[in-house]
Amino acid sequence: MISRNCGVDVCSPGKLLLARQAGFHESEITYTGTSVSDEDIACLKRHPGVRVNCDAISTLRRLGAQCPGRSVGIRINPRQGAGYHAGLHYAGSKATKFGIYQDRFLEALEVAGNYNLNIQNLAAYYQTPFIVAPLKWKPDAPTEKITLAGNINEAIDILAEDVELPAVLEGDYLALLNTGGYGSASSSNHCMRGRFSEYLLIDEQDDSEMEFV
């Protein structure tokens, strides 16, 4: 993994351990969790090389008490965000649980200083809408607006509405771009549709170009 300049961002002890089992070194893992529990802190203490982005003053205080002098990042909430669904706006005019707000930033710095935590970076989450595109582009094909739905027996199983695409036929493949990293991590066996597979695609001509599907 080192030779391909590849790292991983995780948000739970389970994902951290899975990343280690997959061969990532601690220095290649960033932990950006929210509502972090004492069990999370205990796991992070056992992995001192993992970089931690603290998104709450409570996390700074409890991690500092267990790991004084550790290098950390602070996750801020910039009050700006976007998303393809109102429930997926991680920042914006409405307060969310993600990140430390400006009015408490100096307090966060003070708490970090009390435990000699070395702040190395600021982190923020800005959701981007995903894009639907045909796997094989047809430049001369007429376009039409479609609604893309899944095969789960629920009314909310709508992936995209009124997307303009070249005519889609049965058997065509569509790519959902910028969907984020929560494939298997948020999957379920609802309606007993079974598990799916994920693959890391690597451009053999350029080791720096990778895509996870």
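Values quoted throughout were computed directly from the atomic coordinates according to the rules given, and no laboratory measurement underlies them. None of these values were measured; they are calculated from a predicted model. Virtual Cβ from ideal backbone geometry, glycine too; neighbours counted across all protein chains shown.
Structural remarks
- Amide H contacts of I119: V72, each under 5 Å away and 5 or more positions distant or on a separate chain (H built 1.01 Å from N in the peptide plane; Pro and chain starts excluded).
- Our coupling estimate for segment 9-21, obtained by passing each phi through the Karplus curve with A = 6.51, B = -1.76, C = 1.60 and θ = phi - 60°, is 10, 10, 9, 7, x, x, 5, 4, 5, 5, 4, 5, 5 Hz, Gly and Pro reported as x.
- Computed E for A175/N5 - FRET, C-beta separation, R0 30 angstrom, nearest 0.05: 0.80
- Tail weight of P(r) past 20 Å, computed on alpha-carbon pairs of segment 2-123, percent: 44
- Once the chain from I119 to M192 is taken as fully extended at 0.36 nm per residue, the excess over their C-alpha distance is 21.7 nm.
- Phi angles of segment 22-32 translate, via the Karplus equation with coefficients 6.51, -1.76, 1.60 and θ = phi - 60°, into HN-Hα couplings of 6, x, 6, 6, 4, 5, 9, 10, 10, 9, 10 Hz per residue; Gly and Pro are given as x.
- The residue list G23, A65, A123 was ranked by how far each Cα lies along the charge dipole of segment 2-123 toward its positive end, using unit charges on Cβ atoms, and G23 comes out on top.
- Long-range amide H partners of N53 with built H, under 5 Å: Y31, T32, G33, G73
- Exposure proxy for I156, I131: other Cβ atoms within 10 Å of each Cβ, ordered fewest to most, give I156, I131.
- Computed from backbone phi, the HN-Hα couplings of segment 131-141 come to 10, 9, 8, x, 5, 10, 6, 10, x, 9, 6 Hz, rounded to whole numbers (Karplus: 6.51 cos²θ - 1.76 cosθ + 1.60, θ = phi - 60°; Gly and Pro given as x).
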